[in-house]
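Everything below concerns the one structure shown next.
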Amino acid sequence: MSSIRKQMLHYQQEQKPALIAFIMGLLPNEDLCLDCIKALEQGGCDILELGVPFTDPLADGEMIERFHHRGTKQGLNLKRGLEFAQRVKNSCNMPLILFTYYNPLYRMGLDKFMQEARAAGIEGLIVPDLPLDEMYVLKGYGMEIIPMLAPSSTDERVQMAAQQQAAFIYCVSVRGVTGMRNLPEQEIKDYLQRVRTDTRTPLALGFGISGPQQVETFRDYANAVVVGSYLARIIEEYEALPWLLPGQMEKAFLELSKAREDQHGSI
Amino acid sequence: MGARIYLKREDLNHTGSHKINNTLGQALLAKRMGKERLIAETGAGQHGVATATAAAVLGMKCTVYMGARDMQRQRLNVFRMRMLGAEVKEVSKGSQTLKDATNEAFRDFIQSFEYSHMLIGSAVGPHPYPMMVRDFQSVIGREVKEQFKNLEGRLPSYILACVGGGSNAIGIFYPFLKEEVKLIGVEAGGRGISPGEHCATLAKGDDGILHGALSRLLQDENGQILDTHSISAGLDYPGVGPEHAYLRESGRVSYVNVSDEEAINGFLKLSEYEGIIPALESAHAVAYAIKMAPELPTGSSLVINLSGRGDKDTEEVSRYLEERQEVL
């Protein structure tokens, strides 16, 4: 069993959501990024989703897109992302998921990519521009492939995601791209419950998590929460003071960890 | 020696280019599907104008995404779109041209698809767009077939069209794929063959996936999409319609490219000789025709798809000539 599945199972038994951090690899710079990742783990992050900068990040909103473009302007790419993943793996214990658009994988060749990704210690993959219908191309390499759903997904798509028997399903909480304004709370809850009726696969909620408040709100509805743009905002705010940045990341996750605890004593 | 040259006058269409063939078709479909809003990406602005026009005539809302750099070099079309009631949104990210305008249009569509239709203007994007755009544009080729038969009682020997995404080219080629007619697509060779200086995707690209389709793509060895350059905003795109990639591979269509300078020359020559100002995009096909027509045997004929008119480009051309200190 992959350690991604183990983490999800652990938190299901604990009846609280696992915390997943999305961070763009190698930014603001390689060493600082690694320090941030270590700090996230200290703060209680359970799974790390590591982004690979791409020139045309269609699924990402302004904030994360800025990171993609900063990365590509520095010449970052999938090869550098894989090398960095190896460094991350050497200095922390969190299971590692790689977030990358499909063209770089296609260009490298799936066989070569999967081999190098596994060697780097990557256990899961999120490819936001690969439709559910084509996800089979990534199967058979011993990698956890994470399907995505959105509030607008039809029941047919929900069932397709359920049939993947994935480690978890990434439930996007917005109609749109990353970092966009959330739907009303009740609508997200209804959506998660609708997906829940079709699958026993754990559900991770992401794309619009703006802080501890939302972790608390959805802790009983999702098996995991993905935090990305929230961290990106902190990075942009503190990168001029790089010595303070890792501490801020840890603090952010300590608050999120606190928010996932059941504060009313029952479920 | 030399071929007789014919022009297929898509520039005489309402809105000034072949783009209206596709926008009216898709807008009618969108309307039937109950959509109330059209989203479009545009390079030169011809597709944007044609979408805005279709929206106006059918009483739909319209948002057009356009790269900041293209808005500058195609100001006339920006003004036309706004007059037609469309909202033109400037995209100042990435390359600030068609590729990033397309990214932005997709982002809009992802959140608004329940009431919006994304009206892609070229034979690119996910299925069924390349097929749908081809079918709407193939009216061009069907008309050529009929009209040419009336004129010469047979089919032309050659057909030339410029290729960016490739909508006008696939439109004129498609009805001739099974005929004994030589088909030539002309890509934008820009300032030269180094990466970032051209948009000759079929000549220099590799297999890749962008905007929902597997086709040829200008990319680096790590799969990052390369910047492109062309004097014509409408050809300034790192991808190409998947059917063109297929036709190139099967050998049915030949693809060549001409430089910015040659395109400008084509633009000026056609204006001067015929009193017809071609769009800079179409001028690429004109330029290649000028090169090849004298070499063809007597009695052969060549049709150029004059996909659009060039009023929009006069500013850009005069800027280009001034930079080179050439005066008309």
(message) I'd like the mean, over residues of B:134-141, of how many other protein chain beta carbons sit within 10 Å of each residue's own Cβ.
(response) 0
(message) Highest mean first, how do B:113-125, B:239-251, B:146-158 rank when packing is the count of other Cβ atoms within 10 Å averaged over residues?
(response) B:113-125, B:239-251, B:146-158
(request) Subtract the Cα-Cα distance of B:Lys61 and B:Tyr273 from 0.36 nm times their separation in residues, and report this length gain in nm to one decimal. (result) 72.2 nm
(request) Express the relative contact order of chain B as a whole percentage, based on alpha carbon pairs under 8 Å and six or more residues apart in sequence. (result) 22 percent
(request) Could you compute the FRET efficiency for A:Leu110 and B:Glu323, with r as their C-beta to C-beta distance and R0 at 56 Å, rounded to 0.05? (result) 0.75
(message) Greater than 20 Å separation of Cα atoms is the criterion. Which listed pairs, B:Lys99/B:Lys291; A:Lys79/B:Lys204; B:Lys178/B:Lys291; B:Lys269/B:Lys312, meet it?
(response) B:Lys99/B:Lys291; A:Lys79/B:Lys204; B:Lys178/B:Lys291
(message) Along the charge dipole of the protein assembly as shown, pointing to its positive end and built from +1/-1 on Cβ of Lys, Arg, Asp and Glu, which listed residue (B:Thr53, B:Ala101, B:Ala40) has its Cα farthest out?
(response) B:Thr53
(request) Give the interface area between chains B and A as buried accessible surface, both sides summed, probe 1.4 Å, in Å² to the nearest 100. (result) 2100 Å²
(request) Take every residue in peptide A:101-111, count the Cβ atoms of other chains within 10 Å of its Cβ, and give the average of those counts. (result) 5
(request) Give, rounded to the nearest 20 debye, the magnitude of the charge dipole that region A:1-92 has about its Cα centre when Lys and Arg contribute +1 at Cβ and Asp and Glu contribute -1 at Cβ. (result) 240 debye
(request) Heads up, I need the accessible area for A:Lys6: 1.4 angstrom probe, whole protein in place, Å², nearest 10. (result) 120 Å²
(message) Going Cα to Cα from A:Lys112, which aspartates and glutamates come in below 16 Å? Please leave out same-chain ones fewer than 8 positions away.
(response) A:Glu83, A:Glu123, B:Glu221
(request) Using a 1.4 Å probe and ignoring any ligands, DNA or RNA, find the accessible area of A:Asp190 and quote it in Å² to the nearest 10. (result) 80 Å²
(request) Could you work out, residue by residue across A:48-58, how many beta carbons of other chains sit within 10 Å of that residue's beta carbon, and then give the average as an integer? (result) 4
(request) Give me the distance in nm between label points sitting 7 Å out from Cα along the Cα-to-Cβ direction at A:Asp31 and B:Glu152, one decimal. (result) 7.0 nm
(message) Suppose all protein chains stay in the model; what accessible area per residue would a 1.4 Å probe give for region B:214-284, in Å²?
(response) 36 Å²
(request) Round to the nearest 0.05 the FRET efficiency obtained for B:Leu214 and A:Glu156 when R0 = 30 Å and r is the Cβ-Cβ distance. (result) 0.80
(message) Of the candidates A:Leu19, A:Leu130, A:Leu231, which one comes out as most mobile in a Gaussian network treatment of chain A with C-alpha springs shorter than 10 Å?
(response) A:Leu130
(request) Positive end of the charge dipole of region B:122-277 (Lys, Arg +1 and Asp, Glu -1 on Cβ, about the Cα centre): tell me which of B:Ala203, B:Cys162, B:Gly189 has its Cα farthest that way. (result) B:Cys162
(request) Go ahead and collect, in residue order, the members of region B:295-320 whose backbone nitrogen is under 19 Å from a label point 7 Å along the Cα-Cβ direction of B:Glu180. (result) B:296-303
(message) How big is the dipole moment of region A:36-179 about its Cα centre under a simple scheme where the beta carbon of each Lys and Arg is +1, that of each Asp and Glu is -1, and everything else is neutral? Debye, nearest 20, please.
(response) 560 debye
(message) To make sure I understand the rule: partners must be lysines, Cα under 17 Å from the Cα of A:Lys16, and not fewer than 8 residues away in the same chain. Which ones qualify?
(response) A:Lys6, A:Lys189, A:Lys258
(request) Could you give the size of the charge dipole of region A:128-201 about its Cα centre, using +1 on the Cβ of each K and R and -1 on the Cβ of each D and E, expressed in debye and rounded to the nearest 20? (result) 180 debye
(message) Which one, A:Thr201, A:Phe218, A:Asn103, projects farthest toward the positive side of the charge dipole computed for the protein assembly as shown from Cβ point charges (K/R +1, D/E -1)?
(response) A:Thr201
(message) Given contacts defined as C-alpha pairs under 8 Å and at least six residues apart, what's the relative contact order of chain A, whole-number percent?
(response) 24 percent
(message) For a Förster distance of 41 Å, can you work out the FRET efficiency between the beta-carbons of A:Glu216 and B:Arg82, rounded to the nearest 0.05?
(response) 0.35
(request) Tally the DSSP beta bridges in the protein assembly as shown and give the antiparallel ones as a percent, rounded to 5. (result) 15 percent
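The values are calculated or read from the model by the stated rules, or taken from the named source; none is laboratory data. Predicted, not measured: the structure shown is a model, and the values here were computed from it. Cβ coordinates were reconstructed from backbone atoms using ideal geometry, including for glycine residues, and neighbour counts include every protein chain displayed. What goes into the accessible areas is simple: the full protein's heavy atoms, side chains included, and nothing from ligands, DNA or RNA. Shrake-Rupley method; radii C 1.70, N 1.55, O 1.52, S 1.80 Å.
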